[in-house]
1. Starting at 0 and stepping by 10 Å, how many percent of the alpha carbon pairs of the stretch 228-378 end up in each bin?
2. If you place +1 on the Cβ of every Lys and Arg, -1 on the Cβ of every Asp and Glu, and leave all else neutral, what size is the dipole of the chain about its Cα centre, to the nearest 20 Debye?
3. Run the quick spin-label model on residue 364 and residue 66: label points 7 Å from Cα toward the beta carbon, then report their separation in nm to one decimal.
4. Where does each of 194, 136 land when they are ranked from fewest to most other beta-carbon atoms within 10 angstrom?
5. Quick one: 3J(HN,Hα) in Hz for the stretch 72-79, Karplus 6.51/-1.76/1.60 with θ = phi - 60°, rounded, Gly and Pro as x.
6. Give, as a single signed number, the net charge of other residues whose beta carbon lies under 13 Å from the beta carbon of residue 305, with Lys and Arg counted +1 and Asp and Glu -1.
7. Enumerate the calculated ³J(HN,Hα) couplings along the stretch 85-91 in order (Karplus 6.51 cos²θ - 1.76 cosθ + 1.60, θ = phi - 60°), each rounded to whole Hz, writing x wherever the residue is Gly or Pro.
8. Quick one: 3J(HN,Hα) in Hz for the stretch 158-173, Karplus 6.51/-1.76/1.60 with θ = phi - 60°, rounded, Gly and Pro as x.
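We did not get these values from a lab; they are worked out from the coordinates using the rules stated. This structure is a prediction, so every number in the text was calculated from the model and none was measured. As a convention, Cβ positions derive from the backbone with ideal geometry for all residues, glycine included, and neighbour counts pool all protein chains shown.
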Amino acid sequence: MHVSIGLFAFIITLLFYFSVLGALLPYLGLYLQTLQFTPVQIGQLLAVLLGTKIIAPNIWGWLADRSGHSIKWVRLATGLCLLAALGLVWFEQFWGLFFSILFFSFFWHASLPQFESYTFGCLGDDKHRYGQIRLWGSVGFIVAVLAVGWQIETFSVRVLPWDLLILLALVWLSAFLVKDTHKAPAVTQSQNFWVILRQPTVLSLLVVSFLVQLSHGVYYGFFTIHLSGLGFDKTTIAWLWALGVLAEVAVFFYMRTIFKHATVRWLILVSVALTAVRWLMNSYLADSLGWMTVAQLLHAASFGLFHAAAIHLINEHFSGAHQGKGQAVFAASSHGLGGALGMLLAGYAWAYGGAQLSYVLSALSVMLAFLIAYRWVR
């Protein structure tokens with residue numbers, strides 16, 4: 001019963017956490033465009049947003065593993081994140097936003113790996129139920145992307161910073177609903193962690209995750225800008241974002257069944273291959289609502305299926321005292337380094353070759369990921 005209550009409180013926190021992403025990812029690039037920033041500047045600011053994920057999860061993972069209290073550090077990180085996000089309201093110049101995004105994202109990215117670690121700790125031997133817990137985060141994303149999209153269509157994209165502040169406050173407050181369980185502090189076995197990290201299958205998985213997230217940079221940074229330029233209204237764009245996450249929810253919901261009928265390696269190969277197809281569709285067929293609908297459904301593979309399979313493998317390799325650090329390394333290499341470089345490269349590619357060049361480069365990166373996964377991921 002204790003676990004059920006703890007997971008229910010955690011689900012509430014997870015729902016609010018991903019609602020922030022539902023407001024941030026689809027619309028931050030559009031907001032920056034209204035401030036007259038160039039594609040390169042937008043790419044740079046978005047790279048900062050994800051770049052802090054390289055460092056922050058590792059610092060917080062180390063602190064949480066040593067103390068044995070992951071939720072305590074989540075509360076601290078989300079509180080500091082709320083304070084840092086005030087800069088998004090106050091500043092409209094490049095450097096003011098640069099440092100606001102830097103500090104905001106540093107504390108923001110410190111939280112998610114601890115959320116993941118807490119989830120697996122509560123589930124125990126029922127790790128196959130992870131998808132059923134994680135899908136509530138996707139529900140929060142969908143509600144936020146539709147609500148904020150309606151606000152932007154009705155009023156202005158200038159509502160975005162205020163929406164973010166409200167949602168961040170809800171995340172911070174809801175974190176106090178979650179009971180902080182105690183794990184044995186990780187004071188030994190530090191060498192074993194590096195032994196695990198150097199295994200070829202672990203390194204290859206991290207590289208594949210890096211390349212897959214690198215390919216998503218143009219999508220997260222410029223998808224809304226791209227479709228707006230093609231004449232799509234904000235409500236339609238919001239529904240396309242929501243459709244992608246709904247497809248992701250379906251994967252998480254049926255993940256238990258999927259894992260029973262397929263190997264994790266096969267799931268990774270399929271998801272990476274479909275990701276390449278998705279980016280080629282975005283490159284050449286973006287003016288068609290029908291094809292964009294199909295492409296958004298492929299988010300089930302490019303994010304949902306890949307993330308669930310990859311994080312399952314990470315949890316298998318990094319267990320016990322290394323669980324928090326393992327999730328942090330995964331977050332840093334994929335969403336952190338891969339996401340940041342993807343955003344940065346997307347800004348330059350968009351400036352020099354527009355959507356077509358940007359998405360073709362994304363497709364090439366996941367083709368390389370497929371070859372690596374086929375050869376080394378086991």
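1. Percent of Cα pairs in each bin: 10, 34, 38, 15, 3, 0.
2. Working: 19 positive and 12 negative charges, 179 e Å.
About 860 debye.
3. With each label point 7 Å from Cα toward Cβ, the separation is 4.3 nm.
4. Working: 194 8, 136 21.
Least to most surrounded, the residues fall as 194, 136.
5. Rounded to whole hertz, the list is 4, 6, 5, 4, 5, 5, 5, x.
6. Numbers: positive: 134, 265, 278; negative: 248.
That works out to +2.
7. For the stretch 85-91, the Karplus-derived couplings read 5, 4, x, 5, 7, 7, 9 Hz, x marking Gly and Pro.
8. Karplus-based 3J(HN,Hα) across the stretch 158-173 equals 5, 6, 4, x, 5, 4, 4, 4, 4, 5, 5, 5, 5, 4, 4, 5 Hz.
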